[in-house]
1. Put one equal scatterer on each alpha carbon of segment 408-540, apply the Debye formula with no solvent term, and list log10 I(q)/I(0) at q = 0.21 1/Å to two decimals.
2. So, in nm, how far is label residue 446 from label residue 193 when the simple model puts each one 7 Å beyond its Cα toward the Cβ?
3. Calculate the spin-label point distance for residue 321 paired with residue 65, positioning each point 7 Å from the Cα along the beta-carbon direction, and give it in nanometres.
4. Show that you can apply the helix-only estimate: for the chain, add -39,500 (n - 2.57) for every DSSP H stretch of four or more residues, divide by all residues, and state [θ] at 222 nm to the nearest 500.
5. Using r as the Cβ-Cβ distance of residue 468 and residue 351, and R0 as 22 Å, what FRET efficiency do you calculate, to the nearest 0.05?
6. What residues from segment 54-78 fall in the zone where the backbone N is under 13 Å from a label point 7 Å along the Cα-to-C-beta line of residue 32?
7. Among 83-91, 179-187, 621-629, how do they line up by average Cβ neighbours within 10 Å per residue, starting with the highest?
8. On full extension of the chain, what length is gained from residue 525 through residue 435, given 0.36 nm per residue of separation minus the C-alpha to C-alpha distance?
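Bear in mind these aren't lab numbers, they're just calculated from the coordinates by the rules spelled out. Remember, predicted model here, so these are calculated numbers, not experimental data. Note that each Cβ is placed from the backbone with ideal geometry, even for glycine, and that neighbours are counted across all protein chains shown.
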């Protein structure tokens, strides 16, 4: 017994138990030796009946993917124990597949006695839950642990849509001709190769500059009685769009919808190897979310747009249930909202007549970051070009009418007014380019808690419709301003991000408040520090033109601002919270038939979710400390 007791004192977490308790544990242990390699558990199938303490030899543990390949292998050697997390946090099913090596000797503590120790010692229990929470911050670990119970009917044709690369698709051959080729000759070439898209190159070069389609020939040549002997370069559609063969299929489809292009060149090793046709690609995805987006784009009027928006919660719920990553679900929601807004803008322009000046309609906030949820409202603004004094009032009056009409229509469809007034309908958010430049300078030069909040909203802007060069010019101006000393401005931006405290008490219990008869915390506010803190770093390091939090994190990692571990922890934390938030909102809309909220009752969470959340709060707290040192210490 003395030898067992001495060994047990070296095994975590038995190290936290007093000797008299350990002596009692020793009497409960049963010794088992495996004379040959033996599979003990199959992941998520085998029931774990004992906590196994490895004395000699080792357990080889791993996940098996759909192809039977071992993933995340881990060895449990002498002095380690297996089974605690499975018993406590996975309904007694083994988290991993476990194989005992030949000659392995273990001591087994029955499950009932292990649970009794957990009840008796909070520190002993927290060892396993804390370890599990840390593991869940690893994307790959979380993927294999996460239960996936797909419904029979869903909007996905296959999971492969979200795991396949563009390189796995059959791309179409590029047929091209120089820009100085006569139009009739270009049409003959299309007929000979039986293609509906002909790519156009720079004369004397292989560089592709645009493309000509059947629709181009119909609308631009035949309908306008253009001379077919003229050069095809005169009717070439531009710009071309391309994507890496390493990108995912869903990324290619989203890019097509976002850029309104029907053809996408595929790039591999610095050269174009073929192209994708949107119609061909979508024909293989009959009931996918992307066909739904296509239906939104073709909607005939406001009632149909409203009906389509009301269907989004079902799509979101089914995507999440199927295991699709929250960042992809965000993109789907955003693309649907963008498509609706574009249809509304086009309809309003048709009703009110052409705009009297170049302009760009921008989306801000979560839509600007492509991180929309089902609790969404309008965040938008308009920039229009400067005009002579005598035209200024007329131009402004037009855009205010235009903004009001767009905003009213979006509100009717279900994309509601912004309660804070951050929308183009508010005269404060529809202005000329020169005004916005002055506003930028004022926000940064006279920094205060109020102005940094406005700047934060506008910094997350994304051009949706109109002349995108106006945004480019504003971004260039911002880059110049950011090159000036801006300690005070960054201080207030950082302080704004530090206002939030994780909803945990000193004893790591959830801190809640009363809401409609429940004790809840706010999921949106839980995520806000990550958005705010990443934005501060993006401003400081002039990461412009990128609004998405995940993409900003990637850029910060590339520049060495964030370490690899920091990047992965923040990314996983952010999208874990996003997935939880989206799923709750979808269920409120579908099951409860009530307006969705961001409030969450921790009692409704599983033990796994509670432990993971607590680890996420720790990650956010550590990041806030880094910000505090970096931006506020000197001030």
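1. Results for segment 408-540 at q = 0.21 Å⁻¹ read -1.33.
2. 6.0
3. 2.7
4. Numbers: 22 runs with 289 residues, N = 635.
Calculated at 222 nm, the ellipticity per residue is -14500 deg cm²/dmol.
5. Values: r = 24 Å, r/R0 = 1.07.
So, using R0 = 22 Å, E works out to roughly 0.40.
6. It comes to 54-55, 59, nothing else.
7. My ranking of the peptides, most packed first, is 83-91, 179-187, 621-629.
8. Details: separation 90, 0.36 × 90 = 32.40 nm, distance 3.19 nm.
Stretched fully, the residue 525-residue 435 segment lengthens by 29.2 nm.
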